[in-house]
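Here's the structure we're looking at; comments come further down.
The numbers here are math on the coordinates, done by the rules we state, and not lab data. Please read these numbers as outputs of a predicted model, since none were measured by experiment. Neighbour counts run over all protein chains shown; Cβ positions are idealised from the backbone, glycine included.
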Amino acid sequence: MKKILLLALAAGGAVFAKKKMDGSRAEAALWAEATDPVARN
């Protein structure tokens, strides 16, 4: 029983970490777009 609980907890932590990483990557992309230098001709 303890092994199953530990496995479920580890899987939940992995899902949480992946969502957090994806969110930070999306936010970084937004910042890169917002601060992209404007080419002036």
**Request:** Towards the positive end of the charge dipole of the chain, with charges on Cβ (+1 Lys, Arg; -1 Asp, Glu), say which of TRP31, LEU6, PHE16 has the farthest Cα.
**Result:** LEU6
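With runs of 4+ DSSP H residues as the only contributors, calculate the mean residue ellipticity of the chain at 222 nm using -39,500 (n - 2.57) per run, divided by the residue total and rounded to the nearest 500. Could you put the intermediate results ahead of the total?
On the way: 1 runs with 33 residues, N = 41.
It comes out at -29500 deg cm²/dmol, rounded to the nearest 500.
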**Complete:** Computed for the chain: size of charge dipole around the Cα centre, +1 on C-beta of each Lys and Arg, -1 on C-beta of each Asp and Glu, debye to nearest 20, value 380 debye
**Asked** For the chain, what is the convex hull volume of its Cα atoms per residue in Å³?
**Response** 32 Å³
**Prompt:** Got a sec to turn the phi values of segment 24-31 into Karplus ³J(HN,Hα) couplings, 6.51 cos²θ - 1.76 cosθ + 1.60 with θ = phi - 60°, whole Hz, x for Gly and Pro?
**Reply:** 5, 5, 5, 5, 5, 5, 5, 5
